[in-house]
Amino acid sequence: MTDKSVTVSVIIPTYNRAHLVGRAIRSVLNQTYQDFEIIVVDDCSTDNTEEIVKGFNDHRIRYMRHDRNRGGSAARNTGIKASQGKYIAFLDSDDEWLPEKLERQIEKAVCFGEEVGLIYAGEKVIEAETGHCIAEKVPSLEGNVYSLLLEGDFIGSCSSVLVGKKAIESIGGFDEQLVSRQDWDCWLRVAKNYKIACVKAIMVLRYVGQSQISGKLSRIVEGTKRVIDKHHHSAKYKKLYGRQLGMVACMELNIDKLSGWKTAIMALKAYPFQPKLYFALLTSILGKKIYSAVYISWKRMRKDIYIGKAKLQ
């Protein structure tokens, strides 16, 4: 690596994805915007990841390795500390970018300046096993979006994000104590202090497997609860706090009915007017099998709640 500063540091955390990390790296090397460095942080893989990365023989690529497995958030934080760019872009090692992704985001960054801390882009979500498109997410929300982001993570995966190094360092990077929802927590902390902008086009191909689609529900519930408690402490957001807890309770009823009821009671104390939650509680009495079937139907029918648009002022 030369001493010349770069505009963008691309951080690729990886763990035992030697068969995929090359695709991710190539998608960066094929960008129309070429002023970048690539930092691959290997979270103590046991496969031939190092061989694949070093096989590219490109001076812009740096390989770093943890001496023990510490998780994706720690790997991203390691990359942030080592980065030299004014901006940082994250790319999961099983995803890839379309060629204009960085160029379009840098154009936005230059246009709006340092008042914007984060720029996200649209994603096409693809089932890895079949190659079928599951969803296309084209963003529209930008500006002072902290309150909207509290309602739910409309920004999405790390692979879609370009963030100012100053902004990410000011919040201390990713919270390594969270078992899930680390990205949502990070975006919230940035949005509290900066405006958010977006590229209103699909720039990321995000690959998910069946285990990622369903996820480990218990970890999702635990992580979501901790993020909610972390960000909804103000009385100003009591209604949002109640609604968020209500959504968690609906998930939790799939795992443990007693725990789900306890969470639901907390949610209703904060915000009583939640018809869906009352219905969920009544349905849960009929047994887990019936409740799970109803819950899956809700998930399929749920529409995007972010109808309005916040514009950059």
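The values are calculated or read from the model by the stated rules, or taken from the named source; none is laboratory data. Just so we're clear, the structure is a prediction, and the values are computed from it rather than from any experiment. Because the Cβ atoms are built from the backbone with ideal geometry, glycine has one as well, and the counts that use them run over all protein chains shown.
Quick grid of which residues meet (1) of a type in the set (Gly, Ala, Ser); (2) touching a residue at least 24 places away in the same chain (Cβ under 8 Å):
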{"site": "Gln84", "(1), (2)": "no, yes"}
{"site": "Phe90", "(1), (2)": "no, yes"}
{"site": "Pro99", "(1), (2)": "no, yes"}
{"site": "Val110", "(1), (2)": "no, no"}
{"site": "Ile126", "(1), (2)": "no, yes"}
{"site": "Thr130", "(1), (2)": "no, no"}
{"site": "Leu141", "(1), (2)": "no, yes"}
{"site": "Ser159", "(1), (2)": "yes, yes"}
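How about segment 255-285: which of its residues are in a loop (DSSP other than H, G, I, E, B) and either of a type in the set (S, T, N, Q) or in contact (Cβ under 8 Å) with a residue 60 or more places away in the chain (or both)?
Gln274
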*Select, from Leu240, Leu312, the only residue that is under 30 Å from Lys200 (Cβ atoms) and at pLDDT below 85.*
Leu312
*asked:* Please verify whether Val116 is within 30 Å of Gly246 (Cβ to Cβ) and at pLDDT 95 or above, treating the condition exactly as stated.
replied: no
*Unmet criterion (only one of (1) surrounded by fewer than 17 Cβ atoms within 10 Å (Cβ to Cβ); (2) in contact with a Gly (Cβ under 9 Å, 6 or more places away or on another chain); (3) hydroxyl-bearing (Ser, Thr, Tyr)) for Ser160*: (1)
